[in-house]
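Encoded as structure tokens, the structure appears first; notes follow it.
Every read-out reported here was derived from the displayed coordinates using simple, explicitly stated rules and does not represent laboratory data. Because the structure is a prediction, the values reported are computed rather than measured. Counting neighbours? That spans all protein chains shown, and the Cβs are built from the backbone with ideal geometry, glycine included.
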Amino acid sequence: MALAQATLTTALAPTFKSPDFTSENDPEPGLAAQLPSRDDSVSVEQHQSLCADNWKSAVDTWLAEMNPPHIVATGGEAGNTLKTALLSAFQTWYANGVWDCEPLKDAFVTMGDKITADGKENHTSVPLPDWAWDGNTAPVGKPALCPLPSVSENSSTPFTDAADIIAAEIHKWLITGTSSYKKVTDPGKDTIRTFTWDGEEVV
């Protein structure tokens with residue numbers, strides 16, 4: 001299954017919603033709340049870790065659809081790389097008292113680099129033993145996460161809408177990564193086929 005932006009949206013949306021909403025003030029009652037509450041029972045460090053965990057879980061769900069199915073993505077290693085980088089970003093923001101988008105973008109670049117370096121799985125269209133993985137190319141640049149358009153204040157699904165805006169940029173960026181495969185049963189042809197990370201062949 002190829003990567004789908006809708007999967008990331010669905011996985012991310014609950015991470016933006018706090019359990020503090022009640023039935024009287026909940027704009028999206030059908031959505032589970034996974035954003036950890038920030039109160040005296042939860043330290044800053046715990047809150048940062050829980051938020052990073054949420055991002056990892058959402059991205060893992062999305063990356064499980066990768067075709068080719070890179071092990072570091074489907075096995076959670078890429079998500080762990082993202083989690084570590086995001087946690088560092090959260091800690092930097094808190095220590096400096098200043099929010100800066102670049103560490104957020106860089107966290108996803110670090111995840112993309114992990115997939116680039118360690119992703120060696122075969123695409124379903126180039127089966128073994130005729131084809132062999134020949135290399136990956138990292139996604140181009142950084143995801144355009146800032147500035148993002150605002151969610152309409154009249155939206156009945158503000159958490160899902162916010163997730164979709166962010167998911168669109170992450171998805172659009174990641175699928176510029178590519179994997180190439182070389183024909184090995186007929187080396188004289190030296191045939192190479194290249195696919196984006198959402199499974200589309202580059203022609």
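Hey, which of these cross-link pairs are over 21 Å Cα-Cα: LYS83/LYS114; LYS56/LYS142; LYS114/LYS142; LYS17/LYS56; LYS17/LYS114?
Numbers: LYS83/LYS114 12 Å; LYS56/LYS142 18 Å; LYS114/LYS142 14 Å; LYS17/LYS56 16 Å; LYS17/LYS114 29 Å.
In this structure, LYS17/LYS114 exceed 21 Å between Cα atoms.
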Out of ILE175, ASN154, THR137, whose Cα points farthest toward the positive end of the dipole of region 132-203 (charges: +1 Lys, Arg; -1 Asp, Glu; placed on Cβ)? THR137
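What ranking of PHE21, PHE90 emerges when the number of other C-beta atoms within 10 Å of each C-beta is taken as an exposure proxy, fewest first? Walk me through the numbers on the way to the answer.
Details: PHE21 15, PHE90 21.
Result, fewest neighbours first: PHE21, PHE90.
Which FRET efficiency, nearest 0.05, do GLN91 and ARG38 yield, Cβ-Cβ r, R0 25 Å?
With a Förster radius of 25 Å, E is 0.95.
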Neighbour-count ranking for LYS172, LYS105, LYS182 (other C-beta within 10 angstrom, fewest to most) reads LYS172, LYS182, LYS105
Extreme residue, positive dipole direction of region 5-202, given options ASN25, ILE165, THR194 (C-beta unit charges): THR194
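Fewest to most neighbouring Cβ within 10 Å: what's the order for LEU50, LEU128? Intermediate results must be reported in sequence, preceding the final value.
Numbers: LEU50 16, LEU128 10.
With the sparsest Cβ surroundings first, the list reads LEU128, LEU50.
Using the eigenvalues of the Cα gyration tensor, what equivalent ellipsoid semi-axes result for region 1-95 when each is taken as the square root of five times the eigenvalue, whole Å, largest first? Could you put the intermediate results ahead of the total?
Working: eigenvalues 133, 79, 13 Å².
Rounded to whole Å, the semi-axes are 26, 20, 8.
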Can you work out the Karplus-derived ³J(HN,Hα) for every residue in region 51-59? Use 6.51 cos²θ - 1.76 cosθ + 1.60 with θ = phi - 60°, whole Hz, and x for glycine or proline. 5, 5, 4, 4, 4, 4, 4, 5, 5
The farthest towards the positive end of the charge dipole of region 40-114, of the residues HIS47, PRO103, THR81, given +1 on Cβ of Lys and Arg and -1 on Cβ of Asp and Glu, is THR81
Just want to confirm a number: the relative contact order over region 5-202, from Cα pairs under 8 angstrom separated by 6+ residues, in percent. 23
Select one label from [x] 17.8; [y] 21.0; [z] 18.3: the one whose number is Kirkwood radius over Cα pairs in Å as derived from the coordinates shown. [z]
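To the nearest 20 Debye, how big is the dipole of the chain about its Cα centre, given +1 on the beta carbon of each Lys and Arg and -1 on that of each Asp and Glu? Could the numbers behind the result be given before it?
Details: 13 positive and 28 negative charges, 129 e Å.
The dipole of the chain has a size of about 620 debye.
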Near THR74, within a Cβ-to-Cβ distance under 13 Å, what is the net charge of the other residues, with Lys and Arg +1 and Asp and Glu -1? -3
State the cysteines of the chain left without a partner when partners are defined as other cysteines whose beta carbon lies under 4.7 Å away. CYS51
Can you give me the distance in nm between label points at LYS189 and VAL202, each placed 7 Å from the Cα along the Cα-to-Cβ direction? 2.0
